[in-house]
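Enquirer: Encoded as structure tokens, here's the structure I'll be asking about.
Quick note: the coordinates plus some simple rules give every number you see, no bench work behind them. On a predicted model such as this, the values are computed, not experimentally measured, just so you know. Here Cβ is always computed from backbone atoms with ideal geometry, including for glycine, and neighbour counts include all displayed protein chains.
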Amino acid sequence: MQIALINRQRRIRLDMRRLTQLAEISLAECVRNSGDARYALAKFPLVEVAVVSDAVIARVHRQFMNMPGATDVITFDHGEIVVSADTAKRCAAEHGHGMIEELALYIIHGLLHLNGYDDIEPRDRVKMHRVQDRIWRRILAAADFSQKNLPCKTRRKAV
């Protein structure tokens, strides 16, 4: 199983090598954490992650979820995750950590959705965010990133 990242935005400069490193570590961690005991993430030979602008993710949000505005991450059941670089930049600044760290959080969130986690109901959201934050801290430590602040808690939706 592999994860492939593509930067579809050009306004914000990204260290894609570092983000890919975090995404690969995240995939290995998330595949072991199933929300529904089916371990569905393992069935995907490839998970694709597109890094886009707020304008693009807002269009995707409207088209596929019938919801207005930008969001941080959208997960599609066929193994595609779309994350917003603009949102990550804002949230990272608010919480005092790097944008790459924030994007890694969004990727973890998407991977957990693909592995059976849901965040519609409050109880499920708390459970998912607990697992997500634990994995986030673990992968940052494994990649020698700063862990000084908690991640941004913006809306997260799955399709």
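Enquirer: Would you mind calculating the gained length between R134 and D77 on full extension (0.36 nm times residue separation, minus the Cα-Cα distance), in nm to one decimal? All intermediate terms of the calculation are to be shown ahead of the outcome.
Expert: On the way: separation 57, 0.36 × 57 = 20.52 nm, distance 2.33 nm.
Result: 18.2 nm gained on full extension.
Enquirer: Another question about this same structure. Which residues in region 71-87 have a backbone N closer than 19 Å to a point placed 7 Å from the Cα of M16 along the Cα-to-Cβ line?
Expert: Counting only backbone N, you get 80-87.
Enquirer: Quick one: net charge around L5, please, counting Lys, Arg +1 and Asp, Glu -1 for every other residue with C-beta under 12 Å from its C-beta.
Expert: -1
Enquirer: Give a residue-ordered list of calculated ³J(HN,Hα) values for region 31-40 (Karplus: 6.51 cos²θ - 1.76 cosθ + 1.60, θ = phi - 60°; whole Hz; x for Gly, Pro).
Expert: 5, 8, 10, 9, x, 10, 6, 9, 6, 5
Enquirer: Counting only residues 5 or more places away or on other chains, whose amide H sits under 5 Å from the amide H of V49 once H atoms are built in the peptide plane?
Expert: Amide H to amide H, under 5 Å and 5 or more residues apart or across chains, V49 pairs with A4, L5, I6, I81.
Enquirer: Now for a different question. Under 12 Å from the Cβ of D54, count the other residues' Cβ atoms, weight Lys and Arg +1, Asp and Glu -1, and hand me the total. All intermediate terms of the calculation are to be shown ahead of the outcome.
Expert: Numbers: positive: R11, R59, K89, R90; negative: D72, D86.
Local net charge: +2.
Enquirer: Next up: Could you rank the peptides 38-47, 67-76 by their average count of other C-beta atoms within 10 Å per residue, with the highest value first?
Expert: On the way: 38-47: 15.1, 67-76: 19.2.
Going from most to least packed, we get 67-76, 38-47.
Enquirer: Find how much the distance from E94 to R8 grows on full extension, using 0.36 nm per residue of separation minus their present alpha carbon separation; answer in nm with one decimal.
Expert: Details: separation 86, 0.36 × 86 = 30.96 nm, distance 2.39 nm.
Separation in residues times 0.36 nm, less the Cα-Cα distance, equals 28.6 nm.
Enquirer: What residues qualify as long-range amide H neighbours of N33, i.e. H under 5 Å apart, gap of 5 or more or another chain, H built at 1.01 Å from N?
Expert: none
Enquirer: Based on the Kirkwood radius over alpha-carbon pairs, what value in µm²/s does the Stokes-Einstein equation return for the translational diffusion coefficient of the chain at 37 °C and 0.692 mPa s? Present the calculation step by step, with values, prior to reporting the outcome.
Expert: Working: Rh = 15.3 Å.
Answer from the Stokes-Einstein relation: 215 µm²/s.
Enquirer: Sticking with this one: Near R138, within a Cβ-to-Cβ distance under 14 Å, what is the net charge of the other residues, with Lys and Arg +1 and Asp and Glu -1?
Expert: Working: positive: R32, R130, R134, R137; negative: E24, E29, E101, D133, D144.
Residues close to R138 contribute a combined charge of -1.
Enquirer: Could you state the orientation-averaged shadow area of the convex hull built on the Cα atoms of region 4-65, in nm² to one decimal? Show your work: numbers first, answer last.
Expert: Details: hull surface 21.6 nm².
The Cα convex hull of region 4-65, projected and averaged over all directions, gives 5.4 nm².
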